[in-house]
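Only one structure is covered here, and it is reproduced in the block below.
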Amino acid sequence: MPSPVPPSPSPPTAEDPSEQLVSGAGHRLRITLLMAGSCLPILGAVLIAPVLPQMQDHFAAVPGAEALVPMALTIPALFLALLAPFAGVIVDRLGRKRLLVTATVLYALVGTAPLWLDSLGAIVASRALVGVVEAAIMTCCTTLIGDYYTGRQRDRYLALQTMCASISATAFFVLGGAAGAAGWRAPFWAYAVSLLLAPAMAAFLPTPRPATIARKHATTDAASATDAAGVADAPEPAKRPFPWRPLAGICALTVFGSVVFYTLMVHMSYLLDDIGVTDPGMIGLATAIASAATVAGAVTFTKLGRTPDVWLPAVFAVCALGFAVIWFAPNAAVLIIGAVINCFGGGVMLPSLLTLAMSKLEYADRGRGTGLWTATFFIGQFVCPLVVLALASAAGSRADAVGLLALATSVLAAGLGLFGSRRRVVDAPQPQNQMAG
């Protein structure tokens with residue numbers, strides 16, 4: 001079972017003057033560009049899914065095509081997971097904006113490569129390069145949100161990333177299917193959209209200045225340190241060890257959370273097919289409803305306050321409940337209800353985990369830490385189909401595999417709740433003995 005998340009220090013409230021709200025036209029353009037950039041890795045993950053059968057037919061004579069064609073869809077997530085930590089190191093050393101603009105240009109070049117490549121092996125290799133540049137883009141966008149914003153405003157935009165990812169995944173799936181009517185290569189033209197984003201990012205995203213950001217976050221960091229220790233601590237030294245221990249627990253939990261989050265995205269159509277629903281329109285509608293529940297969960301996250309470690313046990317319990325409903329679903333209507341419950345919990349879970357990770361990081365190590373979190377999230381995405389297939393092989397069906405995930409998620413929720421209760425008891429202030437006289 002993943003290690004439990006250490007409790008996050010209590011940050012300042014929305015009314016705390018230490019939080020600096022950012023507004024104005026420039027801010028709106030900035031956050032729009034960051035959200036658009038955050039959607040590019042989702043484009044790589046789902047766009048070509050509808051045309052995989054066409055690719056399979058085109059390369060039927062190629063040895064190993066049965067494995068290589070599906071790999072064209074999944075290999076970007078693998079390389080994103082493997083390289084995101086290194087992208088984080090580069091982000092901290094070379095600068096966020098420079099790397100983001102460069103990676104966004106390269107995204108168009110490697111993303112559209114299958115338009116003129118004839119070798120299946122070369123296409124798979126180009127897809128691996130897509131994962132490389134996606135690692136840089138996702139890490140830079142998330143790191144810049146942490147640089148530009150503080151407090152509740154930062155939390156809201158981290159949640160907005162989840163909302164945009166859910167909405168764009170549905171839109172890109174529809175786009176890929178529509179473009180696939182013109183041939184299996186046609187969806188790859190969509191990768192060229194990053195050529196429109198790159199110059200806008202270069203022109204309108206300000207370059208973060210370490211000294212300015214340090215001052216911007218100094219009061220919040222001091223308040224967090226005071227709450228964590230119960231007394232006012234002295235300022236931290238200029239250099240401090242990278243927070244491996246607290247971040248390791250969050251990243252381990254994120255791997256499991258990513259598997260929980262992606263299970264229905266990957267296997268919803270198979271689960272519906274197993275109970276007799278084969279109409280693509282019905283499957284698409286069910287997927288859209290589940291995606292809407294994820295968006296609703298992300299919106300709910302922004303209303304819950306700023307202590308995600310407190311509500312994470314309940315969130316995982318909601319995800320487990322959704323899995324359990326699907327496990328026993330006698331028909332499509334009940335299955336969709338279970339999917340809505342599960343996806344709602346997932347919409348709250350992901351920004352909660354990311355917020356916890358960001359709360360452990362300062363400017364100097366934020367790129368590296370964000371890269372590690374991004375890597376663990378996409379590791380979960382990559383292994384999710386393998387985990388579900390392995391569980392289905394052991395249990396007998398995909399529905400039974402979802403049932404096993406329900407049990408595992410329930411155990412995790414209980415463990416997190418128990419850990420949190422014990423930690424709050426330990427951290428509670430102890431009454432001091434009153435001495436006479």
Simple label model, 7 Å out from Cα along Cβ direction - Leu117 to Leu304, nm: 4.0 nm
Using only Cα atoms, locate the centre of the range 387-422 and the centre of the range 36-76, then give the distance between them in Å, rounded to an integer. 29 Å
From fewest to most C-beta neighbours within 10 Å, the residues Glu134, Glu66 line up as Glu66, Glu134
If you rank Phe377, Phe419, Phe59 by fewest surrounding Cβ atoms within 10 Å, what's the result? Phe419, Phe59, Phe377
In sequence order, what are the phi-derived ³J(HN,Hα) couplings for the range 312-322 according to the Karplus relation 6.51 cos²θ - 1.76 cosθ + 1.60 with θ = phi - 60°, rounded to whole Hz, with x for glycine and proline? 4, x, 5, 5, 5, 5, 5, 4, 5, 4, x
Total charge dipole magnitude, the range 243-427, about the Cα centre, Cβ charges on Lys, Arg, Asp, Glu only, Debye to nearest 20: 680 debye
Modelled label-to-label distance, Leu407 and Ala394, 7 Å Cα→beta-carbon offset: nm? 0.9 nm
Projecting the Cα atoms of Gly26, Ala60, Ala169 onto the charge dipole of the range 23-208, where Lys and Arg contribute +1 and Asp and Glu -1 at Cβ, the residue farthest towards the positive end is Gly26
Expressed as a rounded percentage, what relative contact order does the range 249-384 have, with Cα pairs under 8 Å and six or more residues apart? 41 percent
Would you list Leu80, Leu321, Leu158, Leu361 from fewest to most Cβ contacts within 10 Å? Leu321, Leu361, Leu158, Leu80
Describe numerically, in nm with one decimal, the distance between label points set 7 Å from Cα along Cα→Cβ at Ala314 and at Trp244. 3.6 nm
Counting only the backbone N, which residues of the range 320-341 are under 17 Å from the spot 7 Å out from the Cα of Asp274 toward its beta-carbon? 320-340
Cα-centre dipole for the range 23-208 with unit charges at Cβ (Lys and Arg positive, Asp and Glu negative), debye to 20: 720 debye
Ranking Leu361, Leu412, Asn331 by how far each Cα lies towards the positive end of the charge dipole of the range 243-427 (+1 on Lys and Arg Cβ, -1 on Asp and Glu Cβ), the top one is Leu361
Backbone HN-Hα couplings from phi across the range 146-152 [Karplus 6.51/-1.76/1.60, Hz, Gly and Pro as x]: x, 6, 7, 10, 10, x, 4
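All of the numbers you see were taken from the coordinates with simple rules; none came from a lab. This one's a predicted model, so the numbers in the text were calculated from it and none came from an experiment. Here Cβ is always computed from backbone atoms with ideal geometry, including for glycine, and neighbour counts include all displayed protein chains.
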